[in-house]
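Take a look at the structure below.
The values are calculated or read from the model by the stated rules, or taken from the named source; none is laboratory data. Computed from a prediction, not measured in an experiment: that's the story for all the values here. FYI the Cβ positions are ideal-geometry reconstructions off the backbone, even for glycines, and counts take in every protein chain you see. Remember, those area values only see protein heavy atoms, side chains included, never the ligands or the DNA or RNA. Shrake-Rupley method; radii C 1.70, N 1.55, O 1.52, S 1.80 Å.
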Amino acid sequence: MNLLEIDDRAESLNLIIIGLENSIQTIVKKNKENDWYDGIWMREDSEPIYGLAFIAFQNYINGSINDLFDKPDNKAQYYKADKKHKDFERTQIELIIGLANYYKHKDSKFHNGTVEILKSFNLDHNSENVIDNSPIFEGLEILNNEWNLFEIKKIVTDYRKNLLNIKM
């Protein structure tokens with residue numbers, strides 16, 4: 001076994017996703033128990049949780065690239081090293097990176113790369129009614145129509161396994 005095949009990052013990512021998923025379930029329960037708590041409230045309360053999940057996925061992706069390729073200067077080339085999403089011209093990994101960057105910088109100016117990724121997935125980062133049209137929720141829908149964070153975690157852990165076969 002190659003030492004690079006050992007994924008020390010997966011366990012902590014799993015613990016993070018368990019905690020975030022538990023938080024989302026708390027919000028879902030609140031929605032069911034309160035008539036006044038509608039979908040808009042639910043989105044407002046859950047967007048930060050999903051945003052943190054994308055940041056955790058981004059950290060896992062970038063950490064994996066650093067582990068396997070000795071801290072390369074241009075990580076974007078590795079984001080493209082996954083298969084393209086079936087309905088778009090970019091990879092799921094690029095979408096995850098774009099969503100993490102969107103969430104981190106949504107109250108400031110976006111990097112051009114983030115804008116390009118969001119546009120390529122038809123996600124509006126300039127919407128006036130941000131919560132209704134948040135790229136976070138539309139991106140979740142693209143990645144997994146049930147918004148299942150464990151399925152998205154599988155995307156990134158499979159990506160790491162596939163990186164082992166790439167020579168860049």
| message | Filter segment 98-109 down to the residues that are surrounded by 15 or more Cβ atoms within 10 Å (Cβ to Cβ) and either on the phi > 0 side of the Ramachandran plot or not in a loop (DSSP other than H, G, I, E, B) (or both) and list them by number. | response | 98, 99, 100, 101, 102, 103, 104
| note | Contact list, first residue from segment 139-168 and on the phi > 0 side of the Ramachandran plot, second anywhere and open to solvent by 40 Å² or more (accessible area, probe 1.4 Å), beta-carbon distance below 8 Å, six or more apart or interchain, is 147/141
| Verdict on residue 82 being buried (at least 17 other Cβ atoms within 10 Å of the Cβ) and among the acidic types (Asp, Glu) | yes
| field | Residue list for segment 62-89, restricted to those being among the charged types (D, E, K, R) and under 16 Å from residue 162 (Cβ atoms) | value | 67, 75, 80, 82, 83, 84
| task | Looking at (1) open to solvent by less than 50 Å² (accessible area, probe 1.4 Å); (2) free of Cβ contacts under 8 Å to residues at least 60 places away in the same chain; (3) out of contact with any strand residue (DSSP E or B) (no Cβ under 7 Å at 6 or more places or on another chain), find the lone condition where residue 54 falls short. | result | (2)
| note | Only one of (1) farther than 21 Å from residue 39 by Cβ; (2) touching a helix residue (DSSP H, G or I) at 6+ places or on another chain (Cβ under 9 Å); (3) open to solvent by 50 Å² or more (accessible area, probe 1.4 Å); (4) among the acidic types (Asp, Glu) does not apply to residue 124, and that is (1)
| query | Filter segment 11-48 for residues that are β-branched (Val, Ile, Thr) and more than 19 Å from residue 152 (Cβ to Cβ); which is most open to solvent (accessible area, probe 1.4 Å)? | reply | 26
| query | Can you pull out the residues in segment 85-97 that are more than 17 Å from residue 51 (Cβ to Cβ), open to solvent by less than 30 Å² (accessible area, probe 1.4 Å) and of a type in the set (A, V, I, L, M, F, W, C)? | reply | 93
| query | Are any residues in segment 57-82 basic (Lys, Arg) and free of Cβ contacts under 8 Å to residues at least 12 places away in the same chain, and if so, which ones? | reply | 71
| field | Among the candidates 35, 124, 73, residue that is among the charged types (D, E, K, R) and under 23 Å from residue 144 (Cβ atoms) | value | 124
